[in-house]
Amino acid sequence: MSQSVKEQVKSGLRLGGGVAVFLVAMAPLVDGLRRVVWEAPPHQLVWSPIGCVEFVLAASLLVSTAPVWMYLIAGCMLIGSIKGVLVFVANLVISYWKGAVAGNDPWDAWTLEWATSSPPPAYNFAFVPVVASRRPLWDLKHPEDPDSRYD
């Protein structure tokens, strides 16, 4: 089976794009960086010179070899993300202007961080609270049925 030159170039670009993306993904591992970190060393960040070159090469190969459906999916994801951000911002604005004020313990929680006023004072507690169970605030709210009795 003979392929035309155009098909050979396309397949070569697809293979090159796959190799480039693989190398970009695996480059941190070669240098000893774990896959899941909250902060990368400065020389491995995307905005470092090597990171920029890798990103531009991978993106250009991906753009040159991607079929149309990939662009459609990317556009739908972008539009969905924009709609999600707009809903979030609208919720923030509406809640700020028309939302009900939450009390000191709006969740009827069991833990001590909800025992102080909202916002909490700088010292947090006027005295050190006694913790006798896993649910100390429950014990304060319901002295007739403390959780410490079941521990």
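Tell me, what is the FRET efficiency for VAL93 and SER117 to the nearest 0.05, using R0 = 41 angstrom and their Cβ-Cβ distance as r?
The formula returns an efficiency of 0.95 here.
Among the lysines, which have Cα under 17 Å from the Cα of LYS10 when same-chain residues fewer than 8 positions away are ignored?
none
Contour minus end-to-end for VAL53 and GLN3, with contour as 0.36 nm per residue of separation and end-to-end as the Cα-Cα distance?
So the extension gain works out to 14.8 nm.
Please list, in order along the range 111-123, the HN-Hα scalar couplings obtained from phi with the Karplus expression 6.51 cos²θ - 1.76 cosθ + 1.60 (θ = phi - 60°), rounded to whole Hz, x for Gly and Pro.
9, 5, 5, 8, 7, 8, 6, 10, x, x, x, 4, 8
Working out 0.36 nm times the residue gap between VAL130 and LEU23, then minus their Cα-Cα distance, what length gain in nm do you get to one decimal?
Contour length minus Cα-Cα distance gives 32.9 nm.
Read-outs: derived from the displayed coordinates by stated rules, not from any lab. Given the structure is predicted, the values throughout are model-derived calculations rather than measurements. Here Cβ is always computed from backbone atoms with ideal geometry, including for glycine, and neighbour counts include all displayed protein chains.
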